Amino acid sequence: MSLNLRTYHELAGADRSGLPEQIAAQRRRVTERLAGVGRLIAVMSGKGGVGKSFVTAHLARALARAGRAVGVLDADLNGPTMPRLLGVDHSPLPTPDGAIEPAIGVDGVKCMSMDLLLQDGAPLTFRGPQAESFVWRGALEAAALREFLGDVAWGALDMLLLDLPPGIQRFHELGDLLATPPPVLTVTIPTPESRDAVRRAMRAASDRSAPLLGVVENMVDGHFTGTAGADLAAEFSVPLLARIPWHPTPDTWDQLAQQLGSSA
Amino acid sequence: MKFLCVACDRQMLFEERQLPGDGTLAAAFKCPACGRVVALLTNPMETQLVASLGVVIGGRTVPAQPLETVRGMVATGRDDAFTDNGQRKTENAPMWSPEAQERLQRVPSFVRGMVKKVYTDYARQHGIPEITPAVMDTARAELGLEAM
């Protein structure tokens, strides 16, 4: 016997479970919280160890020195480093009604990071049944990212930099959480291996119609050889915003900040 | 996820949620036409997945707290990650019985402040002058606070 069942989408009425309303409220909370943010920029690579967080932190500081109100959301939940890079201590975060106050780093950069919440040296471990944890762990990390966006009192910012971990998973989560995928600043090192990995990340961002702001080539004039920065810039028709030497100076970052401003 | 009463060809409506406290969840749905009731029973992993989404089947009776999922789910959080400084003091706050205070102290301090606020808000909304372990159990079941 074959039943003539209606499909999921044919049942259009509300079922009093409240789930669609809660999901909508979550999205609304993120949107409202970020209403005071002028520009949201995802710093991503697709390749680990290229210095994304290092570039993000120094770019944020340069922007702050130039008089901009800047925040950094450390979206690397499992390997957070931003508090150390921004000189943030582990003072308890105030929790006024409805929001968590971000930490304040050097040059006044606001910062939120899982590092501020975890015990020293402890991995990010969740409560719950550990069997088949792969099923829910990704959902929990996406929820953490959503709460970092929507529950932190970012206030009025000229720019909020999102420091993404290697890979493209977190970028896709951002694309789902935000009304539109954020513009992307890409970091690579000169090597062809990095170029190949970063290319995939840029392609993923482009496929979701995220604006590509440009490429930063890090760790040049050192041990690494190659032309990844120029190659990727040409391939995606975006500017090569900066080539960061092994020993950058404040001027290096100031110039990148200016370049980024002119690429908007 | 939706439930269809095949006999009536009608969408079933959420009726009641129960949290037995063993990590499982039961949610009952009722057909508005014939009254037939079915129950969705989830195992701990499935319950965790629902909680991971930051939603409560049947809807919330209290607003989501800031970083609620992170504070409720992270097992390796530092005890001094948050301070209650800045929280607005309110009049007519319910009392906490010694037993309830003792139970609250067993909650990891990483999440204790948020948990205390949830129970306090629940008591205030229900006109409960004193929070006892029984009140906490009732609130926990009603609000779907499986992780608290």
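No value in this document is a laboratory result; all are computed from the given coordinates. This structure is a prediction, so every number in the text was calculated from the model and none was measured. Note: ideal-geometry Cβ built from the backbone for every residue, glycine included; neighbour counts use all protein chains shown.
Computed from backbone phi, the HN-Hα couplings of region A:167-182 come to x, 10, 4, 5, 5, 5, 4, 4, x, 6, 7, 9, 4, 9, x, x Hz, rounded to whole numbers (Karplus: 6.51 cos²θ - 1.76 cosθ + 1.60, θ = phi - 60°; Gly and Pro given as x).
Neighbours of A:Leu232 by Cβ distance under 12 Å: Lys/Arg scored +1, Asp/Glu scored -1, total +1. Rounded to the nearest 10 degrees, the angle from helix A:192-207 to the longest Cα principal axis of chain A is 50 degrees. With the crude spin-label approximation of a point 7 Å out along Cα→Cβ, what separation in nm comes out for B:Ala7 versus A:Asp97? So the label points at B:Ala7 and A:Asp97 sit 5.0 nm apart. For chain B, the longest principal axis of the Cα atoms and the long axis of helix B:109-125 meet at an angle of about 70 degrees. Against chain B, whose longest principal axis is taken from its Cα atoms, helix B:133-143 shows a tilt of about 50°.
Tell me which lysines have Cα within less than 22 Å of B:Lys2's Cα, excluding those fewer than 8 residues away on the same chain? List returned: B:Lys30.
The relative contact order of region B:1-57 comes to 26 percent, based on Cα pairs under 8 Å that sit 6 or more residues apart. Annotation: the antiparallel percentage among DSSP beta bridges lying fully within the protein assembly as shown is about 35. Straight-line cross-link reach from A:Lys52 at under 29 Å between alpha-carbon atoms covers these lysines, not counting any fewer than eight positions away in the same chain: A:Lys110.
Close amide H partners of A:Leu212, meaning residues 5 or more places away or on another chain with modelled amide H under 5 Å apart, are A:Val184. Can you tally the net charge around A:Leu63? Count Lys and Arg as +1, Asp and Glu as -1, for every other residue whose Cβ sits under 11 Å from the Cβ of A:Leu63. Its environment carries a net charge of +1.
Over chain A, Cα pairs under 8 Å with separation of 6+ residues give a relative contact order of 25 percent.
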